[in-house]
1. Work out from phi, with θ = phi - 60° and the Karplus expression 6.51 cos²θ - 1.76 cosθ + 1.60, the ³J(HN,Hα) of each residue of segment 45-50, listed in order in whole Hz, and give x for Gly and Pro.
2. Just to make sure I understand: if all protein chains stay in place, what is the order of S7, S17 by accessible area at 1.4 Å, largest first?
3. In nm, what is the difference between 0.36 nm times the number of residues separating E22 and R53 and their Cα-Cα distance?
4. Hey, what do the phi angles of segment 14-25 turn into as Karplus ³J(HN,Hα) couplings, whole Hz, using 6.51/-1.76/1.60 and θ = phi - 60°, x for Gly and Pro?
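The values are calculated or read from the model by the stated rules, or taken from the named source; none is laboratory data. Owing to the predicted nature of the structure, the values given are computational and were not obtained by experimental measurement. Quick note on the areas: whole protein, heavy atoms, side chains included, nothing else; ligands and nucleic acids left out. Shrake-Rupley method; radii C 1.70, N 1.55, O 1.52, S 1.80 Å.
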Amino acid sequence: MQSVSISKYFFRIRTRSGVVVENLSFFGRDEDDARRKLLQIYNECQVLDCELRRAALVGRNAHMNYEDVVDLIVAS
């Protein structure tokens, strides 16, 4: 069975109204792609931090939630 490597980026931002939001996650081909998706939703935010987390998905042992699946579909 073949393994697929997924890149998921976790952001900490300050919204334009000044609220700090943590653990916003987006899939992306790279950080720029994930950041572009973030800025589509949080217009004019300030990115305070970005962390890359990779997960290997193998068959039925893969742990993904509904949001992860939707993000993968949108990213393709």
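1. 7, 10, 7, 8, 7, 9
2. The ranking, largest first, comes out as S17, S7.
3. 9.7 nm
4. 10, 6, 5, 8, x, 7, 8, 10, 10, 6, 7, 10
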